[in-house]
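I have placed the structure first, in the form of structure tokens, so that the comments after it can refer back to it.
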Amino acid sequence: MDILVVGGGGREHAIIRKLKESPRCGTLHCAPGNGGIACDAQCHDVAATDIDGMVALARRLRVDLVFVAPDDPLVAGMVDALEAAGIPAFGPHANAAVLEGSKVFSKDLMKRYGIPTAEYEVFDQPEKALAYVKAKGRYPAVIKADGLALGKGVILCDNYEEARQAVKSLMEDKVFGASGSRVVVEEFLTGPEVSVLAFTDGKTVKPMVSAKDHKRAFDGDAGPNTGGMGTVSPNPYYGEKEADWCMEHIFQPTVDAMAKEGRPFRGCLFFGLMLTPDGPRVIEYNCRFGDPETQVVLPRLKTDLLDILDAIREQRLAELSIDWIDEACACVVMASGGYPGSYKKGLPIEGLNRDGQLSESDITVFHAGTKKEGDSFLTNGGRVLGVTATAATLEEALDAAYGAAGGIRFENAHYRRDIGRVE
């Protein structure tokens with residue numbers, strides 16, 4: 001099968017390298033891709049959000065499948081457009097991707113179907129949102145933009161002044177455009193966070209191995225939220241007991257609810273959970289593979305990913321057994337200095353071979369923000385590399401990932417030193 005993967009980050013690199021393992025995989029294409037992906041697939045200069053351009057590219061390449069990985073094109077209906085053109089595609093339709101595209105929709109769905117989540121209210125007027133925050137008087141307060149916001153639309157406010165600034169930024173200054181026209185004001189939950197990605201064909205749901213993401217920019221979970229500074233799998237706080245409870249009360253009920261709403265979800269459904277003292281709660285849904293969770297989950301997958309994609313598209317996931325390796329996996333994200341704020345691009349990266357990798361067999365370098373010039377790699381984004389290791393234990397995987405990251409250099413490289421070691 002010739003396959004086109006839509007996207008250009010570390011998640012897409014992990015998907016491509018897993019697809020390459022399938023004996024049924026033919027030529028791999030990626031649009032737009034990046035410097036490291038270009039070592040594993042043919043890259044094409046079409047933006048991930050260019051629906052018409054992607055349909056035209058898929059037609060020209062005559063691919064057998066298009067794997068739509070990022071949230072924006074899924075929410076905008078790229079899968080719908082591809083299938084309307086007779087091109088097989090993997091990912092949810094737009095009416096199901098709304099589960100991530102609108103936090104208001106997802107919160108209201110959970111309320112209607114009794115899926116456990118944080119207490120919340122929805123506002124389309126700044127003054128009413130702030131009046132609610134003041135009346136509640138509980139801090140931190142959580143303020144979320146309704147729509148997609150590059151993974152940065154959630155603001156934790158430790159006092160009223162911070163809440164006022166957050167509401168102004170989202171609703172009045174429109175820092176994320178129309179995404180902030182409505183906001184969700186939510187109670188702050190405490191406990192370990194868990195990321196669980198799940199395969200689903202709209203009826204059956206099969207959770208993947210758990211992961212733990214680290215969103216804050218600096219050690220000790222300090223600094224601004226980012227797209228993710230590193231992740232580990234399995235999540236040390238999530239055991240069989242929690243998995244069984246979530247399957248009964250969260251995972252299957254969500255898939256059933258979407259089907260009842262006439263929005264069957266077929267693809268990868270991401271559950272962002274908080275293990276509160278009162279039990280697991282849903283923090284958020286994503287309509288796709290997480291980034292950087294994919295970089296530690298897919299390396300543990302034993303079953304042929306193409307077989308799983310076929311089973312989902314043909315709605316026979318219940319018939320398929322999905323197997324995982326017992327080893328642990330850790331990913332340390334090397335970011336540009338200044339990320340998630342302003343940062344330089346085009347800085348030379350030292351320490352990688354001509355394939356963008358290292359010599360160690362237990363290390364994979366997933367490229368997130370790079371470009372290739374000749375045999376050299378340059379920085380081209382905020383999150384640059386995801387240095388990933390597998391090992392018998394999580395501690396060994398972390399040691400290997402950090403050891404490998406220490407051998408890669410670029411100007412003002414920044415990475416957290418406590419991934420997997422803090423709550």
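Rounded, prolate or oblate: which one fits the range 335-423, using the alpha carbon gyration tensor with axes a ≥ b ≥ c (rounded when a/c is under 1.5, else prolate when a/b beats b/c, else oblate)? Kindly include the intermediate steps, with their values, before the conclusion.
Details: a/c = 2.56, a/b = 1.31, b/c = 1.96.
Oblate, because a/c is 1.5 or more while a/b does not exceed b/c.
Filter the GluC sites (Glu not before Pro) in the range 1-88 down to the DSSP loop ones having no more than 14 other Cβ atoms within 10 Å, then list what survives. Show your work: numbers first, answer last.
Working: sites: GLU12, GLU21, GLU83; in loops: GLU21.
Answer in residue order: GLU21.
Given a Förster distance of 56 Å, report the FRET efficiency between ARG24 and ARG138 from their Cβ-Cβ distance, rounded to the nearest 0.05. If you can, show how the numbers build up before the last one.
Values: r = 53 Å, r/R0 = 0.95.
Between ARG24 and ARG138 the formula returns 0.60.
Under a 1.4 Å probe, what is the accessible area of the range 276-373 per residue, stated in Å²? All intermediate terms of the calculation are to be shown ahead of the outcome.
Working: 4030 Å² over 98 residues.
I get 41 Å² per residue for the range 276-373.
Consider a paramagnetic label point 7 Å from the Cα of ARG59 along Cα→Cβ; state which residues of the range 67-98 have an amide N under 11 Å from it.
Under 11 Å, as judged by backbone N against the label point of ARG59, lie 85-87 of the range 67-98.
Give the distance, in whole Å, between the Cα centre of the range 35-82 and the Cα centre of the range 215-238.
29 Å
For THR393 and PHE105, FRET efficiency with R0 = 45 Å and r from the beta-carbon atoms, rounded to 0.05? Don't jump to the answer; show the numbers that get you there.
Details: r = 40 Å, r/R0 = 0.90.
Efficiency at R0 = 45 Å is approximately 0.65.
Over 30 Å between Cα atoms, which of LYS206/LYS345; LYS128/LYS260; LYS20/LYS144; LYS18/LYS371; LYS20/LYS174 qualify? Before the final figure, lay out each step's value.
Working: LYS206/LYS345 40 Å; LYS128/LYS260 33 Å; LYS20/LYS144 38 Å; LYS18/LYS371 21 Å; LYS20/LYS174 41 Å.
Checking Cα-Cα distances, LYS206/LYS345; LYS128/LYS260; LYS20/LYS144; LYS20/LYS174 exceed 30 Å.
With the other protein chains left in place, how much accessible area per residue, in square angstrom, belongs to the range 107-239 at a 1.4 angstrom probe? List each step's numbers first, then the result.
Numbers: 5520 Å² over 133 residues.
Heavy-atom SASA per residue in the range 107-239 reads 41 Å².
For the chain, what is the percent of antiparallel DSSP beta bridges, rounded to the nearest 5? Mind dumping the intermediate values first?
Details: 62 of 76 bridges.
Of all bridge pairs located within the chain, approximately 80 percent are antiparallel.
I need the GluC sites (Glu not before Pro) found in the range 111-190, filtered to DSSP loop residues with at most 16 other beta carbons within 10 Å of theirs. Display every interim value, and only then the final one.
Working: sites: GLU119, GLU121, GLU127, GLU161, GLU162, GLU172, GLU186, GLU187; in loops: GLU119, GLU187.
Those satisfying the criteria are GLU119, GLU187.
Taking the Cα centre of the range 231-358 as origin, sum charge times position over the Cβ atoms of Lys and Arg (+1) and Asp and Glu (-1), and report the length of that vector in debye to the nearest 20. Please list the in-between numbers first.
Values: 13 positive and 20 negative charges, 128 e Å.
Using Cβ point charges on Lys, Arg, Asp and Glu, the range 231-358 gives about 620 debye.
Is the chain best put as rounded, prolate or oblate by its Cα gyration tensor, with a ≥ b ≥ c the root eigenvalues, rounded for a/c under 1.5, and otherwise prolate when a/b is larger than b/c, oblate when not?
rounded
Given the C-alpha centroids of the range 107-179 and the range 373-411, what is the distance between them in whole angstrom?
Between the Cα centres of the range 107-179 and the range 373-411 lies a distance of 35 Å.
Rounded to the nearest 500, what is the chain's calculated 222 nm mean residue ellipticity when only DSSP H runs of at least 4 contribute -39500 (n - 2.57) each, over all residues? Provide the component values of the computation, followed by the final result.
Details: 13 runs with 114 residues, N = 423.
That calculation yields -7500 deg cm²/dmol at 222 nm.
By a straight-distance test (C-alpha under 20 Å), which aspartates and glutamates pair with LYS344 as possible cross-link partners, with residues fewer than eight away in the same chain excluded?
GLU373, GLU411
Nearest 0.05, what FRET efficiency do HIS249 and ARG417 give at R0 = 30 Å with Cβ-Cβ as r? Write down the numbers at each step before the final one.
Numbers: r = 36 Å, r/R0 = 1.21.
So the FRET efficiency works out to roughly 0.25.
As an exercise, identify the chymotrypsin sites (Phe, Trp or Tyr not before Pro) in the range 306-399 lying in DSSP coil whose Cβ has no more than 15 other Cβ atoms within 10 Å.
Details: sites: TRP324, TYR343, PHE366, PHE377; in loops: TYR343.
Those that pass, being in a loop and sparsely packed, number zero.
Could you tell me what percent of the DSSP beta bridges with both partners in the range 29-181 are antiparallel, to the nearest 5? Each step should come with its number before you reach the end.
Numbers: 4 of 8 bridges.
Bridges in the range 29-181 that DSSP calls antiparallel: roughly 50 percent.
Top to bottom by accessible area (1.4 Å), largest first, where do SER321, SER195, SER181 land? Could you put the intermediate results ahead of the total?
Numbers: SER321 75, SER195 10, SER181 45 Å².
In descending accessible area the options line up as SER321, SER181, SER195.
Sticking with the crude label model, points 7 Å out along Cα→Cβ, report the distance from ARG354 to GLN315 in nm, one decimal please.
For ARG354 paired with GLN315, the spin-label model returns 5.0 nm.
Residue farthest toward the positive end of the dipole of the chain, with Cβ of Lys/Arg at +1 and Asp/Glu at -1: which of VAL63, ASN353, PRO292?
Of the options given, the answer is VAL63.
What do you reckon, how do HIS249, HIS367 stack up by accessible area (1.4 Å probe), largest on top?
Details: HIS249 65, HIS367 0 Å².
The residues order as HIS249, HIS367, largest area first.
With each pseudo-label sitting 7 Å past Cα toward Cβ, what's the GLU127-GLN42 distance in nm, one decimal?
Result: 6.0 nm between the two label points.
So, with +1 on the Cβ of K and R and -1 on the Cβ of D and E, and no other charges, what is the size of the charge dipole of the chain about its Cα centre, to the nearest 20 debye? Each step should come with its number before you reach the end.
Details: 47 positive and 61 negative charges, 165 e Å.
Once rounded to the nearest 20, the dipole reads 800 debye.
Taking the highest mean first, how do the peptides 213-226, 379-392, 262-275 order by number of other beta carbon atoms within 10 angstrom per residue?
Numbers: 213-226: 16.4, 379-392: 24.3, 262-275: 21.6.
Peptide ranking by packing, descending: 379-392, 262-275, 213-226.
Where nothing but the Cβ of Lys and Arg (+1) and of Asp and Glu (-1) is charged, how large is the charge dipole of the range 10-66 around its Cα centre, in debye to the nearest 20? Walk me through the intermediate numbers first.
On the way: 8 positive and 7 negative charges, 47 e Å.
Once rounded to the nearest 20, the dipole reads 220 debye.
The values are calculated or read from the model by the stated rules, or taken from the named source; none is laboratory data. What you see is a predicted model, and the numbers here were worked out from it, not measured in a lab. Every residue, glycine among them, receives a Cβ derived from its backbone with ideal geometry; neighbour counts consider all protein chains shown. Just so you know, the surface numbers come from the protein's heavy atoms only, side chains and all, with ligands and any DNA or RNA stripped out. Shrake-Rupley method; radii C 1.70, N 1.55, O 1.52, S 1.80 Å.
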